[in-house]
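Everything below concerns the one structure shown next.
What follows draws every value from the coordinates through simple rules; no lab data is involved. Note that the structure is a prediction, hence the values are computed from the model and not measured. Quick reminder, even Gly has a Cβ in these numbers, built from the backbone with ideal geometry, and neighbours come from all protein chains shown.
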Amino acid sequence: MKYTAELTLRDGQKLLLRSLSPKDARETLHVLRKTAGETGFMMRYEDEWTITEQQEREALAKMEHAPHALMLGAFAGGRLVGIAQFKPVHPGDRARHRAGMGVSVLRSHWGLGVGTALMQAAIAAAKTTALEYLELSVAGKNDRAQAMYDRLGFIRYGRQPRAMKYRDGHYDDLILMMLELHGKA
């Protein structure tokens, strides 16, 4: 799926939102690794991003042509500063109406509206597909992300206790959230 839009951030910077392509593989991996190291709310630690640039290039090539999936990049000053994606949770017919999604933004661009812009663009793109809803999970202690998802219309439908276990031994729950794309069936 292809997507492109431009907007202005809270600080006046121009932001380009566009679907990522295989040529973005190196920068995509850099952002995914770096964001994993900048917050404790991601599912992976920075050192757990072991995918190669070639593997990422191949994954981005598949996403580029997938009708129900999108890997979206946010570029400020020509640099990738955030990523959002959605893709079907399973290829089987019984789950093709659902897509999982996620978002990550470099700390240098927190609080500027990048995450909200990425999420709004991903939701708008998902609404053009046959998908019926988007789902995500968010760390129980990640109040800022939960507030953003609430503002965007996601509803909480469950909690997975102790779903994240940190290397120091402490846990966090995952809050399960979903967004209906076309109203109730």
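The residue among LEU179, HIS109, GLY40 whose Cα reaches farthest toward the positive pole of the charge dipole of segment 40-185, with charges on the beta-carbon of Lys, Arg, Asp and Glu, is LEU179. Taking label points 7 Å from Cα along the Cα-to-Cβ direction, ARG79 and TRP110 give a separation of 1.7 nm.
For the chain, pairs of C-alpha atoms spaced more than 30 angstrom apart make up 15 percent of the total. Helical runs assigned H by DSSP (4 residues or longer) give the chain a calculated mean residue ellipticity at 222 nm of -8500 deg cm²/dmol, each run adding -39500 (n - 2.57) before division by the residue total.
Sites listed here are trypsin sites (Lys or Arg not before Pro) in segment 29-92 whose DSSP assignment is loop and whose Cβ has at most 16 other Cβ atoms within 10 Å: ARG44.
Taking a straight line from the alpha carbon of LYS87, these lysines sit under 24 Å away, with near neighbours fewer than eight places off in the same chain left out: LYS2, LYS23, LYS34, LYS62, LYS127, LYS184.
Sequence-distant contacts, meaning Cα pairs under 8 Å at least 6 residues apart, place the relative contact order of segment 32-185 at 18 percent. For segment 131-151 versus segment 17-90, the spacing of their alpha-carbon centroids is 19 Å. Cβ-Cβ distance of ARG162 and LYS2, R₀ of 41 Å, FRET efficiency by 1/(1 + (r/R0)^6): the value works out to about 0.55. Ignoring lysines fewer than eight residues from LYS141 along the same chain, the ones with Cα atoms less than 19 angstrom from its Cα are LYS165.
The modelled label-to-label distance between HIS30 and HIS90, using points 7 Å beyond Cα along the C-beta direction, is 3.8 nm.
Here the label points at ALA61 and HIS170, each 7 Å from Cα along the C-beta direction, are separated by 4.4 nm in the simple model. Dipole magnitude for the chain: about 220 debye, using +1 per Lys or Arg Cβ and -1 per Asp or Glu Cβ, origin at the Cα centre.
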